[in-house]
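**Q** Got a structure for you, written out below as structure tokens; questions coming shortly.
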Amino acid sequence: MGVVQVLLTLLQISCSRLIFPLFFLILLPMNLVQFERGIDHFNRGYFFEAHDILEDIWRETTGPDRLFLQGLIQVSVGFYHLFNQNYKGAVSQFTKGLTKLEPYKPSHRKVELAVFSERVLGFREQAERGLVGAVLNPDESSVPKIIYLTS
């Protein structure tokens, strides 16, 4: 059970015979060192490992970074599926991930997202072609890198 779930459980208040959870916003920032490690794994083509690292951060993060992280996780899983010829899984994960990243464009936490998302969309289109029987040979070297903006 995550930190937030434990705190919510401990802070439940009783009213008559019903229990109402006391909802409040606890903002737990994401671990930036681990985030950079996850991005490095993604950029080196270790998509499953990037997913694992980012998911660990996602579990303990609340607030506006949560969907951002989930979007990156899903894109990472999409590439994992694509390169393992699971085109249905790739299309699904790319679609979910791009949808979650959309509100954060053009950038979030100094991560460039506009061009990145457009390039991922091209890979989703490849996976869609694979779903209808096209023979694919996706080029791992053309996977977009997650880059930090300097300004």
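**Q** Can you pull out the residues in segment 130-151 that are in contact (Cβ under 8 Å) with a residue 24 or more places away in the chain and more than 24 Å from the chain's Cα centre (by Cα)?
**A** Selection gives Leu136 alone.
**Q** Between Leu72, Leu54, which is without any contact (Cβ under 8 Å) to a residue 24 or more places away in the chain, part of a helix (DSSP H, G or I), open to solvent by less than 70 Å² (accessible area, probe 1.4 Å) and not acidic (Asp, Glu)?
**A** On the way: Leu72 fails: without any contact (Cβ under 8 Å) to a residue 24 or more places away in the chain.
Selected residue: Leu54, the only one of Leu72, Leu54 that is without any contact (Cβ under 8 Å) to a residue 24 or more places away in the chain, part of a helix (DSSP H, G or I), open to solvent by less than 70 Å² (accessible area, probe 1.4 Å) and not acidic (Asp, Glu).
**Q** Same structure, new question: Is it fair to say Lys110 is of a type outside the set (Val, Ile, Thr), at pLDDT below 95 and open to solvent by 10 Å² or more (accessible area, probe 1.4 Å)? Can you show your working first?
**A** Numbers: of a type outside the set (Val, Ile, Thr): yes; at pLDDT below 95: yes; open to solvent by 10 Å² or more (accessible area, probe 1.4 Å): yes.
When the stated conditions are applied, Lys110 passes them.
Matching residues to (1) within 18 Å of His51 (Cβ to Cβ); (2) not hydrophobic (A, V, I, L, M, F, W, C):
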position	(1), (2)
Phe83	yes, no
Thr95	yes, yes
Thr99	yes, yes
Pro106	no, yes
Glu112	no, yes
Glu118	no, yes
Ser141	no, yes
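**Q** Just to verify a result, which residue in segment 71-109, among those that are over 13 Å from the mean Cα position of the chain (by Cα) and of a type in the set (D, E, K, R), is farthest from Asp139 (Cα to Cα)?
**A** Arg109
**Q** Still on this structure, I have one more. Within segment 103-151, track down each residue that is of a type in the set (Val, Ile, Thr) and within 17 Å of Ser76 (Cα to Cα).
**A** Of all residues in segment 103-151, those of a type in the set (Val, Ile, Thr) come to 111, 115, 120, 132, 135, 143, 146-147, 150.
Residues satisfying the conditions are Val111, Val115, Val120, Val143, Ile146, Ile147.
The values are calculated or read from the model by the stated rules, or taken from the named source; none is laboratory data. In this text, all values refer to a predicted model and were calculated from it rather than measured experimentally. As a convention, Cβ positions derive from the backbone with ideal geometry for all residues, glycine included, and neighbour counts pool all protein chains shown. Quick note on the areas: whole protein, heavy atoms, side chains included, nothing else; ligands and nucleic acids left out. Shrake-Rupley method; radii C 1.70, N 1.55, O 1.52, S 1.80 Å.
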